[in-house]
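Novice: One structure follows; several queries about it will come next.
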Amino acid sequence: MSCIFCDIVAGEGDASVVATGPRTVAFLDLFPFAPGHALVIPREHAVGLSDLPDPDAAEIMQVGRRVAVAAREAGFAEAVNLFLADGQIAGQTVFHTHLHVIPRRAGDGFPAGFGASPQAPHDELDAVAERLAAAMPTS
Ligand code: 5GP
Ligand code: ZN
């Protein structure tokens, strides 16, 4: 099965590499929201969060944090959003999981925020928390 992000890991894709780690590669998005917009991916192919091993998830977050700090330090960002689309309905278009590091500036128009949802009743929150806790994978 061909995968454009596996090609990038193999050094054969279209990518300006920013950082590499034992389990991850960080490179610039080819269609950036803003200069410095980067993606952090696992070297081992995983479609999404369900098949991503914990050590890969941990290093993705670690490298994402460092790229975010670098984006501020290098003057590309006043602030940063980290974003991961897990599944097509969530907006995922490349099915090799990836964390977006998105440099932000005042008035840049990025659709951040959750809108004005009403506060949920506590018994409802408790029931939802119980269902999630029961379904939690151990690794
Ligand atoms: P998604 O929509 O799945 O969250 O993000 C996929 C991202 O990959 C998009 O922002 C898109 O611009 C980027 N992208 C797609 N193809 C390539 C490519 O060949 N090289 C690089 N560097 N980025 C790509
Ligand atoms: Zn892949």
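Novice: Just to be sure, is Ala58 away from ligand 1 (no atom under 16 Å from the Cβ) and without any contact (Cβ under 8 Å) to a residue 60 or more places away in the chain?
Specialist: Spelling it out, Ala58 is indeed away from ligand 1 (no atom under 16 Å from the Cβ) and without any contact (Cβ under 8 Å) to a residue 60 or more places away in the chain.
Novice: Report whether or not Ala26 is of a type in the set (A, V, I, L, M), within 13 Å of ligand 1 (Cβ to nearest atom) and farther than 18 Å from Gly87 by Cβ.
Specialist: Criteria met by Ala26.
Novice: Further question on the same structure: Looking only at region 74-124, count every residue that is in contact with a strand residue (DSSP E or B) (Cβ under 9 Å, 6 or more places away or on another chain), within 16 Å of ligand 2 (Cβ to nearest atom) and free of Cβ contacts under 8 Å to residues at least 60 places away in the same chain and tell me the total.
Specialist: 3
Novice: Which residue, of Ala19, Ala15, Ala106, Ala85, is exposed (fewer than 12 other Cβ atoms within 10 Å of the Cβ) and outside any helix (DSSP H, G or I)?
Specialist: Of Ala19, Ala15, Ala106, Ala85, the one residue that is exposed (fewer than 12 other Cβ atoms within 10 Å of the Cβ) and outside any helix (DSSP H, G or I) is Ala106.
Novice: Looking at Phe33, Phe95, Phe5, which is the one that is crowded, with 18+ Cβ neighbours inside 10 Å, at pLDDT 95 or above and over 12 Å from the mean Cα position of the chain (by Cα)?
Specialist: Phe5
Novice: Does any residue of region 1-13 turn out to be without any contact (Cβ under 8 Å) to a residue 60 or more places away in the chain and in contact with a Phe, Trp or Tyr (Cβ under 9 Å, 6 or more places away or on another chain)?
Specialist: Yes, region 1-13 contains a residue that is without any contact (Cβ under 8 Å) to a residue 60 or more places away in the chain and in contact with a Phe, Trp or Tyr (Cβ under 9 Å, 6 or more places away or on another chain).
Novice: A follow-up question, please. Hey, could you check region 18-52 for residues that are within 16 Å of ligand 2 (Cβ to nearest atom) and touching a Phe, Trp or Tyr at 6+ places or on another chain (Cβ under 7 Å) and say which is nearest to Ile102 (Cα to Cα)?
Specialist: Among residues in region 18-52 that are within 16 Å of ligand 2 (Cβ to nearest atom) and touching a Phe, Trp or Tyr at 6+ places or on another chain (Cβ under 7 Å), the one nearest to Ile102 (Cα to Cα) is Leu39.
Novice: Look at Ala38 and say whether it is among the aliphatic types (A, V, I, L, M), within 13 Å of ligand 1 (Cβ to nearest atom), touching a helix residue (DSSP H, G or I) at 6+ places or on another chain (Cβ under 6 Å) and at pLDDT 95 or above.
Specialist: Criteria met by Ala38.
Novice: Still on this structure, please answer the following. How many residues, within region 36-57, are loosely packed, with under 13 Cβ neighbours inside 10 Å and either within 12 Å of the chain's Cα centre (by Cα) or closer than 15 Å to Ala71 by Cα (or both)?
Specialist: 1
The values are calculated or read from the model by the stated rules, or taken from the named source; none is laboratory data. Predicted model, so just to flag it, every value in this text is computed and none were measured. All Cβ positions, even for glycine, are placed from backbone atoms using ideal geometry, and neighbour counts span all protein chains on display.
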